[in-house]
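The values are calculated or read from the model by the stated rules, or taken from the named source; none is laboratory data. All values derive from a computational prediction rather than experimental measurement. Cβ sites come from the backbone with ideal geometry, for glycine too, and all protein chains shown count toward neighbours. Side chains are part of the model used for accessible areas, which takes the heavy atoms of the whole protein and leaves out ligands, DNA and RNA. Shrake-Rupley method; radii C 1.70, N 1.55, O 1.52, S 1.80 Å.
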Amino acid sequence: MDRIRIKGGAELNGVIPISGAKNAALPLMTASLLTGETLELRNVPRLADVNLLLRILGNHGVDHTITGKRPGQTAETGQTIRLDASSVIDTCAPYELVSRMRASFWVIAPLIARFGEARVSMPGGCAIGTRPVDLLLKALETMGVQIDVDGGYVVAKAAKGLRGAEVRFPKVTVSGTHVALMAATLAEGTTVIENAAREPEVADLASCLTKMGAKIEGAGTSRIVIDGVARLHGATHSVMPDRIETGTYAMAVAMTGGDVVLENTRAEYLQSALEVLQQVGASVEGTKDGIRVHRNGSGLRPVDVTTDPFPGFPTDLQAQFMALMTKAEGTSRIRETIFENRFMHVQELARLGARIRLDGDAAIVEGVERLKGAPVMATDLRASVSLVIAALAAEGETDIHRVYHLDRGFEALEAKLGRCGAQIERISG
Ligand code: EPZ
């Protein structure tokens with residue numbers, strides 16, 4: 001199994017191109033099942049999760065083609081994928097595939113909406129808490145879907161099609177909002193989603209669905225209204241920039257010091273995290289098509305943070321921020337309110353010399369003067385990249401094992417950091 005070796009201590013200076021967002025690309029790819037015409041997605045990141053979803057869609061009968069590079073494009077220019085779900089032959093998503101990635105469960109929405117039936121294995125994914133699907137299923141039931149569980153599979157039926165309904169989520173759920181949104185596009189009548197997730201990825205999905213002929217208002221707010229249509233058609237859509245990748249590299253620069261321009265991204269997608277970085281002592285400014293982050297010399301100030309749904313501080317940046325706070329000049333408190341078990345990076349950061357104590361849903365991080373390289377193990381996607389951030393500022397060498405977690409969500413990580421001066425290499429085998 002591959003590992004990543006980092007020799008800490010170097011500043012980061014240069015330009016990092018930000019890829020298309022994994023968490024936007026996955027629901028957008030899933031939406032291809034809603035139409036028999038071709039959906040062309042541009043700026044799709046090259047990630048293991050994208051490839052896995054292509055396999056899952058292929059299992060349903062969705063064909064795909066990936067366009068080759070064009071003149072002027074670099075290794076990290078996003079790929080263009082054309083998805084064609086004109087001949088879906090199977091509405092079952094099997095355990096072997098779905099258990100490896102939670103987001104693949106979302107195929108249930110387009111399948112039930114377009115074909116009136118779906119059989120989808122209960123999901124798996126990153127080990128960051130129980131992560132149930134009750135709210136997704138409840139939303140579908142409200143829209144007239146009959147749900148049964150049989151042998152680990154959710155069996156959904158709606159022989160007469162879906163009907164518009166009021167879907168009121170008791171808590172903010174991105175997956176629930178994606179599922180209700182996709183299903184409602186082909187339901188008969190109007191659906192109102194109350195307490196909808198406001199994450200930019202929801203708005204990106206809605207924007208693509210609208211290009212496909214859906215009638216949607218209010219995406220990006222907590223009330224989305226969808227007027228169902230009889231059919232959707234093909235479209236071309238470019239995946240939004242990855243705000244979590246953006247925030248991750250911004251934190252890496254705050255950690256090591258230096259001056260980096262994050263290209264092809266937008267500050268408005270991660271305002272709360274950028275404000276926190278400024279409080280920590282980094283300078284953050286918008287550029288024409290991105291964000292410049294720099295920090296020189298001065299120490300890192302400790303800042304308390306609580307994760308919240310958008311526009312709050314994202315749970316997907318919690319581990320990275322904790323890595324940063326391990327070297328702050330004082331103690332910070334980081335509270336996780338979205339997932340109950342998202343602290344697996346704590347014990348690995350401790351191997352590098354971090355001082356962190358857990359207190360219920362919070363981690364108390366007592367900044368230390370120096371971290372020291374050690375072998376560590378990646379446990380989930382964002383936890384792994386928090387180890388990268390810590391390793392960049394640790395003395396000596398850190399080997400990060402189980403890097404397949406990183407490959408799920410960070411495109412060309414070693415190349416992007418390496419070009420900015422990080423001493424980072426992948427060791428195969
Ligand atoms: C999405 O997961 C992201 N995944 C996650 O990113 C992200 O951490 C999360 O949203 C929150 O922002 C993708 O987009 C592929 P939720 P999702 O439904 O949609 C509870 C990463 O690292 N809940 O908003 O699955 C749930 O347990 C990943 O890229 C229920 O109780 O998250 C959690 O506590 C990890 N019942 C809360 O709601 C349900 O039916 C929010 O979950 C559904 C969710």
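Partners of LYS69 within straight-line reach, counting aspartates and glutamates whose Cα lies under 17 Å from its Cα and excluding those fewer than 8 residues away in the same chain: GLU40, GLU411.
Identify all lysines with a Cα-Cα distance to LYS211 below 23 Å; exclude those on the same chain that are fewer than 8 residues away in sequence. Partners found: LYS22. Once Rg and the Kirkwood radius are both taken over the C-alpha atoms of region 267-375, their ratio Rg/Rh works out to 0.97.
The solvent-accessible area of ARG301, taken with every protein chain present and a 1.4 Å probe, is close to 130 Å². Remark on the chain: hydrodynamic radius 22.0 angstrom, per the Kirkwood mean of 1/r across alpha carbon pairs. Only lysines eight or more places from LYS138 in sequence, or on another chain, were considered; those with a Cα closer than 23 Å are LYS157, LYS160, LYS171, LYS215. Top mean-square fluctuation among GLU369, GLU336, GLU11, Gaussian network model of the chain, C-alpha springs under 10 Å? Most flexible of the set in this elastic network: GLU369.
Within region 120-271, the proportion of C-alpha pairs whose separation exceeds 27 Å stands at 34%. Over the chain, dividing the summed -39,500 (n - 2.57) contributions of all DSSP H runs of at least 4 residues by the number of residues returns a 222 nm mean residue ellipticity of -8500 deg cm²/dmol. Using the alpha carbons alone, the radius of gyration of region 44-110 stands to its Kirkwood radius in an Rg to Rh ratio of 1.03. FRET efficiency for the pair ASP90 and ASP134, taken as 1/(1 + (r/R0)^6) with r the Cβ-Cβ distance and R0 = 22 Å, rounds to 0.30.
Measuring nothing but alpha carbons in region 142-227 and taking Rh as the Kirkwood radius, the Rg to Rh ratio lands at 0.98. Computed over region 339-410, the range of Cα coordinates on each principal axis works out to 30, 30, 15 Å, biggest value leading. Within the chain, antiparallel bridges make up roughly 70 percent of the DSSP beta bridges whose residues both belong there. The 3J(HN,Hα) values that the Karplus relation (6.51, -1.76, 1.60; θ = phi - 60°) gives for region 272-280 are, in residue order, 4, 5, 5, 5, 4, 5, 5, 4, 5 Hz. Gly and Pro appear as x. Look at the alpha carbon pairs under 8 Å that are at least 6 residues apart: their mean separation over the length of the chain gives a relative contact order of 21 percent. For THR236, nonlocal amide neighbours, meaning residues 5 or more places apart or on other chains whose placed amide H falls under 5 Å from its own, are GLU40. Largest mean-square fluctuation among LEU349, LEU47, LEU392, in a Gaussian network model of the chain whose springs join Cα atoms under 10 Å apart, belongs to LEU47.
Within region 214-306, the proportion of C-alpha pairs whose separation exceeds 20 Å stands at 49%. Surface composition of the chain: carbon plus sulfur atoms hold 46% of the accessible area, using a 1.4 angstrom probe and ignoring ligands, DNA and RNA. Computed 3J(HN,Hα) for region 305-310, one whole-Hz value per residue from the Karplus formula 6.51 cos²θ - 1.76 cosθ + 1.60 where θ = phi - 60°, is 9, 10, 6, 8, x, 3, glycine and proline marked x.
Sequentially through region 88-99, phi angles give Karplus couplings (6.51, -1.76, 1.60; θ = phi - 60°) of 6, 10, 8, 9, 9, 10, x, 3, 3, 8, 5, 5 Hz, Gly and Pro residues having no value and appearing as x. Ligands, DNA and RNA are left out, and with a 1.4 angstrom probe the accessible area of the chain is 38 Å² per residue. Here the scattering of region 22-238 is modelled by Debye summation over its C-alpha atoms, one equal scatterer each and no solvent; at q = 0.09, 0.14, 0.15 Å⁻¹ the log10 of I(q)/I(0) is -0.31, -0.77, -0.90. For the chain, modelled as a GNM whose springs connect Cα atoms under 10 angstrom apart, the maximal fluctuation among ILE364, ILE108, ILE244 occurs at ILE364. For region 22-238, DSSP calls about 70 percent of its internal beta bridges antiparallel.
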